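Structure first, commentary second.
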Amino acid sequence: MKTNIVGKNMNVSDAVSRRVLRKTGKMERYLHKDTEMMVRLTRDINHRRTCEITVPFEGVVLRAEASNDDNLYISIDQALAKMERQIHKHRAKLSKRLRDDAFRSEELEFTEEIEDSEEEKRKVVRYKTFPVRPMSVDDAVFQMELLGHGFFVFVNVDTDQTNVLYLRMDGDLGLLEPEA
């Protein structure tokens, strides 16, 4: 498995790189040898350490993120544990993309057990329709702020495609654009 490690607002030391490679290497239990894993380590203004792990493969993207105020190593372990829980939770859907022997043992590598979470019990409880009109990204930002929502769906006047504007955890905005 190929692991790319990137640091944002921090230098990634050799010790941190070795730890990440050792820990992510255990994910080979689930993923094929040619899978690429991207690990992004970030330190924000408040010195909060975040580890974001992304694994794009065969039409799906696995992503896990964890933050910790004190310790980058804890963030790395928590993100890997989240990813492992995702793999186990969705193993029926992911089975054809994972290694054949990925689940030879039910024992988890990064967590004691899969926690019964509220996510497993989620269901759609409300349906809502709304008019979508063409507008610029700036107009969408303005409209989202007026509504006080964390996201806003609109048709981008420049691309004539449906886009989603969302508020990121760091306070900035993100824009989702579909790609065929």
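The values are calculated or read from the model by the stated rules, or taken from the named source; none is laboratory data. Source: prediction; values computed, not measured. Glycine gets a Cβ as well: all are built from the backbone with ideal geometry, and neighbour counts include every protein chain shown.
Check Val132, Val61, Val125 and return the single one that is part of a strand (DSSP E or B) and either hydrophobic (A, V, I, L, M, F, W, C) or at pLDDT below 65 (or both). Walk me through how you get there before you give the answer.
On the way: Val132 fails: part of a strand (DSSP E or B); Val125 fails: part of a strand (DSSP E or B).
None of the other options fit; the residue is Val61.
Scan segment 47-63 and tell me whether some residue there is over 19 Å from the mean Cα position of the chain (by Cα) and not assigned by TED's automatic domain parsing to the domain that holds Gly171.
Start the filter on segment 47-63 by keeping residues that are over 19 Å from the mean Cα position of the chain (by Cα), which leaves 47.
Adding the requirement that they be not assigned by TED's automatic domain parsing to the domain that holds Gly171 leaves 47.
Yes: segment 47-63 contains one or more residues that are over 19 Å from the mean Cα position of the chain (by Cα) and not assigned by TED's automatic domain parsing to the domain that holds Gly171.
Does at least one position in segment 17-29 carry a residue that is surrounded by fewer than 16 Cβ atoms within 10 Å (Cβ to Cβ), within 18 Å of the chain's Cα centre (by Cα) and farther than 20 Å from Gly171 by Cα?
no
Conditions first: (1) in a loop (DSSP other than H, G, I, E, B); (2) of a type in the set (Ser, Thr, Tyr); (3) surrounded by 12 or more Cβ atoms within 10 Å (Cβ to Cβ); (4) modelled with pLDDT of 65 or more. Thr111 passes all but one, so which condition is the exception?
For Thr111, the exception is condition (4).
For Cys51, which of the numbered conditions (1) modelled with pLDDT under 90; (2) crowded, with 16+ Cβ neighbours inside 10 Å; (3) part of a strand (DSSP E or B) fails to hold?
Among (1) modelled with pLDDT under 90; (2) crowded, with 16+ Cβ neighbours inside 10 Å; (3) part of a strand (DSSP E or B), Cys51 violates only (1).
Being under 23 Å from the mean Cα position of the chain (by Cα), among the aliphatic types (A, V, I, L, M) and within 21 Å of Glu179 (Cβ to Cβ) is the filter here; which residues of segment 133-168 pass it?
Val153, Val164, Leu165 - these are the residues of segment 133-168 that are under 23 Å from the mean Cα position of the chain (by Cα), among the aliphatic types (A, V, I, L, M) and within 21 Å of Glu179 (Cβ to Cβ).
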